[in-house]
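The block underneath contains the structure these notes are about, expressed in structure tokens.
Coordinate-derived values only; no laboratory data. These figures come from a predicted structure and were not determined experimentally. When we count neighbours, we look across all protein chains shown, and the Cβ atoms used for this are built from the backbone with ideal geometry, even at glycine.
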Amino acid sequence: MSKIDYVLNSIKERNPGEPEFHQAVLEVFDSIEPVLSKNSKYLEEKVFERMAEPERIITFRVCWTDDNNQIQVNRGYRVQMNGAMGPYKGGLRFHPSLNLSILKFLAFEQTFKNALTGLPLGAGKGGADFNPKHKSDREIMRFCQAWMLEAYRHIGHFTDIPAGDIGVGEKEIGYLFGAFKKIKNEFQGSITGKGPLWGGSFLRPEATGYGLVHFAEYMLAEVDKDLANKVCLVSGSGNVSQFAIEKLIHDKAKVVAFSDSTGFIHDEEGVDEEKLAFLKVLKNEKRESIAGYAEKYKSAKYYEGTEKRLWSIPAECAFPCATQNELDESDVQDLSKNGAILIAEGANMPLTDAAIKAVQHSNIIYAPGKAANAGGVAISGLEMTQNRLGRYWSRSRMETELRVIMQGIHENCQDTMKKYSLDAQDYLNAANIAGFERVAKAMVAQGSW
Ligand code: NDP
Ligand code: 2IT
């Protein structure tokens, strides 16, 4: 057995029953073989084994009282994955399906994503198996306060800075930040994604979706194309999807589909600004299913469940922005058959391993989430900078910062393709290698902690 296979097997053995974590680790390890074979030091120093072992995992009981005066018990988490590049940084997910395998894969991906931003950010991820759906505001507030009553010991602006992810938006961030401030009696940038009146950054809500579309623009420009008039599919209808759709409309693309956990909408006439405003109210304020969109707009049809697939709609560009493993091999084959030219990941790891292999056998250009969706954490990083300075930067400055960072990640990927003689437009291997090289150098420089 080769040294690399041995390492992979031992990582699997040490982390039984964690398929998402194995999937994320394997994907990166597959890419970095050429780096390891050139730098035996990385193998000697066991850099990859160290990267695949979280520096610290905190799990804790979260008890809160619901509106019926019943005690509820949930499990809270924070995975502090890698602190080589800066304080731990990454989002919180509130979803009933959350477990350690999912959190470790997310924290592992975050390590390379944060390194790619070029900002001094380590990596972490956390959350709870709490389901925010159909909860009153008061219940969400009590839950957030209970979560922070334990987590505050482990976070802080130079230690670990959480933000949002699935099920955690500005409302939850507000309750979490308010609890932290109350317990510590300190107003500090311990969380990002705050409101713009109380320490938040302009453009943070938009940053992941807008950054994703910027990245797609740069990918298409490499092959002498652009987004104008391209038919696009966007999965999900939450934070990342809404602002990806907004930027796609701005770029004159035609978004004909989006989804949520109940099903998907096919709107042949395309989503325009007015329809998007309706969708935002439906999802963010009413917190209802997207079915209401098809009741309001006759050009749209709602497909409930998962039998018919959003990805079977003919389109040129696909932006998965919902959750992990949402596209399988047959989805990619359908996209390819229908002439798709681009897949860019707004979600973290939305393609299964087999789906990625299908992409590699197609003519589709494909960008992994750790490059394409890094705009959100990048603007979070700049929210931290503004908090430390005690200043707000303007919206137009943030727009420039986001563009420059996404362009920088794109250039870094292109340079890495050349440096390692990868195939043209091989963003998958390039992003993994470029992220790995930065973190590995920092870890070796700091000794074997
Ligand atoms: P939101 O909670 O705002 O939206 C999530 C969307 O995905 C909703 O439409 C939700 O449907 C749908 N969804 C969630 N879980 C499932 C599931 N198991 N099956 C089907 N649909 C599902 O989250 P975000 O938009 O913030 O996050 C979306 C993705 O982007 C995640 O993978 C996240 O990790 C990633 N990401 C987020 C960043 C951010 O800044 N927020 C940054 C980088 C990546 P419903 O409304 O019915 O629940
Ligand atoms: O996956 C991600 O990059 C996020 N959920 C955002 C993390 C952050 O700290 O802004």
Of 302-310, 339-347, ordering from highest average Cβ density within 10 Å down gives 339-347, 302-310
Normalised contact order of segment 5-143, rounded percent, pairs of Cα under 8 Å and 6 or more residues apart: 26 percent
Mind putting together the pair-distance distribution for the chain? All Cα pairs, 10 Å bins, whole percent per bin, short to long. 4, 22, 32, 27, 12, 2, 0
Please list 3J(HN,Hα) in residue order for segment 164-174, calculated via the Karplus relation 6.51 cos²θ - 1.76 cosθ + 1.60 where θ = phi - 60°; whole Hz, with x for glycine and proline. x, 7, 4, x, 10, x, 4, 4, 5, 4, x
Built amide H within the under 5 Å cut-off of His95, gap 5+: Ala128, Phe130
Using a Förster distance of 35 Å, how high is the FRET efficiency between Arg14 and Lys184, based on the Cβ-Cβ distance and rounded to 0.05? 0.50
Could you list which residues have their amide H under 5 Å from that of Tyr366, counting only those 5 or more apart in sequence or on another chain, with H placed in the peptide plane? Ile343, Tyr427
So what are the ³J(HN,Hα) numbers for segment 269-274, from phi and the Karplus equation (6.51, -1.76, 1.60; θ = phi - 60°), rounded to whole Hz, Gly and Pro as x? 7, x, 7, 10, 4, 5
Rank these for me by crowding, Asp160, Asp30, Asp67, Asp426, going from fewest to most other beta carbons within 10 Å. Asp67, Asp30, Asp426, Asp160
Can you give the local net charge around Ile433? Use residues other than it whose beta-carbon is closer than 15 angstrom to its beta-carbon, Lys and Arg +1, Asp and Glu -1. -2
From the square roots a ≥ b ≥ c of the eigenvalues of the alpha-carbon gyration tensor of segment 295-379, which class results: rounded (a/c under 1.5), prolate (a/b over b/c), or oblate? oblate
Test item: Cα-centred dipole of segment 98-243, Lys/Arg +1 and Asp/Glu -1 on Cβ, debye: 540 debye
Under the Karplus relation 6.51 cos²θ - 1.76 cosθ + 1.60, θ = phi - 60°, what is the ordered set of whole-Hz ³J(HN,Hα) values for segment 103-119, x standing for Gly and Pro? 5, 5, 5, 5, 5, 5, 4, 4, 4, 7, 4, 5, 5, 5, 5, x, 9
Between beta-carbons, use under 13 Å as the cut-off and find the net charge around Gln333, counting Lys and Arg +1, Asp and Glu -1. -1
Most exposed first, judged by fewest Cβ atoms within 10 angstrom, Ile183, Ile405 run Ile183, Ile405
Among Ile245, Ile71, what is the fewest-to-most ranking by other Cβ atoms within 10 Å? Ile71, Ile245
In nm, spacing of pseudo-spin labels at Phe158 and Glu288 (7 Å Cα→C-beta vector): 5.0 nm
In debye, nearest 20, what is the charge dipole magnitude of the chain about its Cα centre with +1 on Lys and Arg Cβ and -1 on Asp and Glu Cβ, if you could check? 1520 debye
If you average the sequence gap of Cα pairs under 8 Å that are 6 or more apart and divide by the length of the chain, what percent do you get for the contact order? 16 percent
Can you tell me which lysines have their Cα less than 16 Å from the Cα of Lys230? Leave out same-chain residues fewer than eight positions away. Lys247, Lys252, Lys254
